[in-house]
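Everything on this sheet refers to the single structure shown next.
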Amino acid sequence: MEKWLFVETNRGHLLINLGMGGEILLVPCGKLPEKWRVRFDLDGEESLAVNFWWFGSTHYAPPGQLDGHTMSADLGPNALDLSLRKFRTLVAGRRAVVSPGFVRNVMNVTLVSRLPS
């Protein structure tokens, strides 16, 4: 299952796929971690340092062209955007098991997004 992180900016979308795993760290520009594969310098004095453990990729989609990004265009719905009613509609009449990993990932993202800043 591919997992993508979509970051909307005022200049388009940054798309990050960590592959089998990795780290995305917000660090001062002069204090990058020992291992990093891609660095995004932000306004100010901070950078996003991205490291892939095994394989991963970063992509850019210009404004209005996110739907044309072929590697992520066929992904299913964003789990965080699904209501219980919509989820039930999507799985109605299908025989399948919902992966515990899917549920854990949704819970982890939900919890992280609600942490106080």
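The values are calculated or read from the model by the stated rules, or taken from the named source; none is laboratory data. In this text the structure is predicted, and so the values were computed from the model without any measurement. Here the Cβ is made from the backbone with ideal geometry for all residues, glycine too, and neighbour counts use every protein chain on show.
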- Task: Please find, among 68, 44, the residue that is closer than 27 Å to residue 10 by Cα and modelled with pLDDT under 85.
- Result: 44
- So residue 78, is it surrounded by 12 or more Cβ atoms within 10 Å (Cβ to Cβ), over 14 Å from residue 14 (Cβ atoms) and among the polar types (S, T, N, Q): no
- Matching strands (runs of 3 or more DSSP E) fully within the range 1-89 where at least 1 residues are touching a Pro at 6+ places or on another chain (Cβ under 7 Å) and without any contact (Cβ under 8 Å) to a residue 24 or more places away in the chain: 22-28, 46-52
- Item | In the range 26-41, the residues that are under 21 Å from residue 10 (Cα atoms) and under 18 Å from the mean Cα position of the chain (by Cα) | 26, 38, 39, 40
